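Notes to accompany the following structure.
The values are calculated or read from the model by the stated rules, or taken from the named source; none is laboratory data. Predicted, not measured: the structure shown is a model, and the values here were computed from it. Cβ atoms come from the backbone with ideal geometry, glycine included; neighbour counts cover every protein chain shown. These accessible areas exclude ligands, DNA and RNA; they are computed on the full protein's heavy atoms, side chains included. Shrake-Rupley method; radii C 1.70, N 1.55, O 1.52, S 1.80 Å.
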Amino acid sequence: MENKWLNEAFKGEVPNDFQGKVGWQSPSNIALVKYWGKRGKQLPQNPSISFTLSECRSETFVDFEKAEKFGFQFFFEGKENPAFGAKIEKFLLENQSFFPFINQLNLKVESRNTFPHSSGIASSASSMSAFVMCLLEIERSLSLSKGRPIDMVLRKASYFSRLASGSAARSVFPKMALWGATPYYKGSSDEYAVSLADDIHPIFKTYYDSILIVSGETKSVSSRAGHALMEGNPYAPARYAQANENIKNLLAALKSGDLDTFINITESEALQLHALMMCSNPSFILMKPNTLRIIEEVRTFRNETQIPLCFTLDAGPNVHLLYPDSEAEKVESFIKSELLKYCNQGRWIADHVGDGPKKMQ
Ligand code: PMV
């Protein structure tokens, strides 16, 4: 697939009667091999692999009309939200060369998340990718890329989502995505993610992600600050080498359906992410006592039952439990009887591997 179109932009005059409304929903994703540390313009220090989720998603509508100059308003869950709006506006202005037509548009964005506000679930991947899908659709209706094959459109969406929020690059593909160049996957790139859907054993397409909400508090370290802390971290070179090794071995395990290797790498990656934060300067401990209790219970349950249940963590205290469909009944009853007592008000979100962004009417 050619990439030169990635930088193409509609540079013409926007017609005076140009107006309308577009809507897209896009999911969150959970990384197995983590992206932690960046360089240059939102490029990753190491490749990452994620499951695309389904129930945790953002739904975004953009009203657009021709204007004398760029106008922008952002509403989150019905209320104007200047703080989040400023992030999107900054992304648009910094990348104006890719979207010169926005200087002739008034945009009103309305977005909502399907997951609870105070659930500690990162929303930038879903919200930024949903917004980028809308923006590219506006561009398509200005005729530039009409008729492009869908995989090219998704690649461009991944490229721009990455510029807005690194992990968002992975949310535009169904099932699983890989972001970052690696010799172990042909066509992989630091600039956009690629779909792994055709290179994984069918069992991984049935995976559940049950998210146990240990705390709904907002993160004490933003991911921007977290990535920056990697710059002075003495373990950074070893981490990047290890992440590359994990990518190689996880890709092979995903293909063959090797669940032992999958579990081993996934849990090690989650703990490494937190270890890196603990030994940064300043240091952060984002796990809570109940995070560790859940991890211990999960490992005991796995040893006793041989059920291939494992955990991963994002940059916060909540625990993502990963398991195949065939074990769903047993794992859910274990969650309800043994783990909900460690959750904030017994809260958890039942999510599963999903199909990527969808257009909304
Ligand atoms: O996309 P960002 O800049 O919010 O970084 C995400 C980092 C992690 O969620 C911790 C890991 C990942 O790969 O998603």
Hey, can you tell me all the residues within region 16-51 that are open to solvent by less than 60 Å² (accessible area, probe 1.4 Å) and away from the ligand (no atom under 12 Å from the Cβ)? PHE18, GLY20, VAL22, GLY23, TRP24, GLN25, SER26, PRO27
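Across region 169-193, what is the number of residues that are over 13 Å from the mean Cα position of the chain (by Cα) and at negative phi?
Filtering region 169-193 for residues over 13 Å from the mean Cα position of the chain (by Cα) gives 180-191.
Those still in the list that are at negative phi too: 181-186, 188-191.
Qualifying residue count, region 169-193: 10.
Taking the criterion of being within 15 Å of the ligand (Cβ to nearest atom) and open to solvent by less than 50 Å² (accessible area, probe 1.4 Å), would at least one residue in region 297-310 satisfy it?
Taking region 297-310 and keeping what is within 15 Å of the ligand (Cβ to nearest atom), we get none.
Checking region 297-310: not a single residue is within 15 Å of the ligand (Cβ to nearest atom) and open to solvent by less than 50 Å² (accessible area, probe 1.4 Å).
Return the residue satisfying two criteria in turn: it lies in region 166-190 and is aromatic (Phe, Trp, Tyr) and crowded, with 24+ Cβ neighbours inside 10 Å, and of such residues it is nearest to the ligand (Cβ to nearest atom). Quick ask: steps written out before the conclusion?
Looking only at region 166-190, we keep the residues that are aromatic (Phe, Trp, Tyr), and these are 173, 179, 184-185.
Keeping just the survivors that are crowded, with 24+ Cβ neighbours inside 10 Å gives 173, 179.
Values: PHE173: 14, TRP179: 8 Å.
Top of the filtered list is TRP179.
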Unique residue being in contact (Cβ under 8 Å) with a residue 60 or more places away in the chain and under 29 Å from PHE334 (Cα atoms) when the list is TYR207, TYR240: TYR207
Mind listing just one residue for me: the one in region 122-151 that is in contact (Cβ under 8 Å) with a residue 24 or more places away in the chain, more than 11 Å from the ligand (Cβ to nearest atom) and open to solvent by 30 Å² or more (accessible area, probe 1.4 Å) and, of those, farthest from SER223 (Cα to Cα)? SER143
Which members of region 52-88 meet the condition of being away from the ligand (no atom under 16 Å from the Cβ) and touching a residue at least 40 places away in the same chain (Cβ under 8 Å)? SER54, GLU55, GLU59, THR60, PHE61, VAL62, ASP63, PHE64, GLU65, LYS66, GLU77
Answer with yes or no whether ASN290 is in a helix (DSSP H, G or I), polar (S, T, N, Q), open to solvent by less than 50 Å² (accessible area, probe 1.4 Å) and more than 16 Å from the ligand (Cβ to nearest atom). yes
Every residue from region 87-110 that is polar (S, T, N, Q) and open to solvent by less than 10 Å² (accessible area, probe 1.4 Å): ASN95
Which condition number in (1) aromatic (Phe, Trp, Tyr); (2) open to solvent by 30 Å² or more (accessible area, probe 1.4 Å); (3) modelled with pLDDT of 95 or more is the one that PHE84 fails? (3)
Six or more apart or on different chains, Cβ under 6 Å: which pairs go from a residue in region 18-29 that's small (Gly, Ala, Ser) to one that's open to solvent by less than 30 Å² (accessible area, probe 1.4 Å) and in a strand (DSSP E or B)? Could you list them? SER26/SER58; SER28/LEU53; SER28/CYS56
Have a look at LEU229, LEU212, LEU196 and point out the one that is open to solvent by less than 10 Å² (accessible area, probe 1.4 Å) and within 16 Å of the ligand (Cβ to nearest atom). LEU196
Subset tally (residues that are under 23 Å from the mean Cα position of the chain (by Cα), among the basic types (Lys, Arg) and more than 30 Å from ASP198 (Cα to Cα)) for region 51-101: 2
What is the one condition in (1) buried (at least 16 other Cβ atoms within 10 Å of the Cβ); (2) in a helix (DSSP H, G or I) that VAL221 does not satisfy? (2)
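Looking for whichever is touching a residue at least 12 places away in the same chain (Cβ under 8 Å) and within 26 Å of ALA157 (Cβ to Cβ) here; the options are SER189, SER215, SER223. Which one fits? Lay out the reasoning, then the answer.
Numbers: SER189 fails: touching a residue at least 12 places away in the same chain (Cβ under 8 Å); SER215 fails: within 26 Å of ALA157 (Cβ to Cβ).
Among SER189, SER215, SER223, only SER223 is touching a residue at least 12 places away in the same chain (Cβ under 8 Å) and within 26 Å of ALA157 (Cβ to Cβ).
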Could you count how many residues in region 265-284 are in contact with a helix residue (DSSP H, G or I) (Cβ under 6 Å, 6 or more places away or on another chain) and in a loop (DSSP other than H, G, I, E, B)? 2
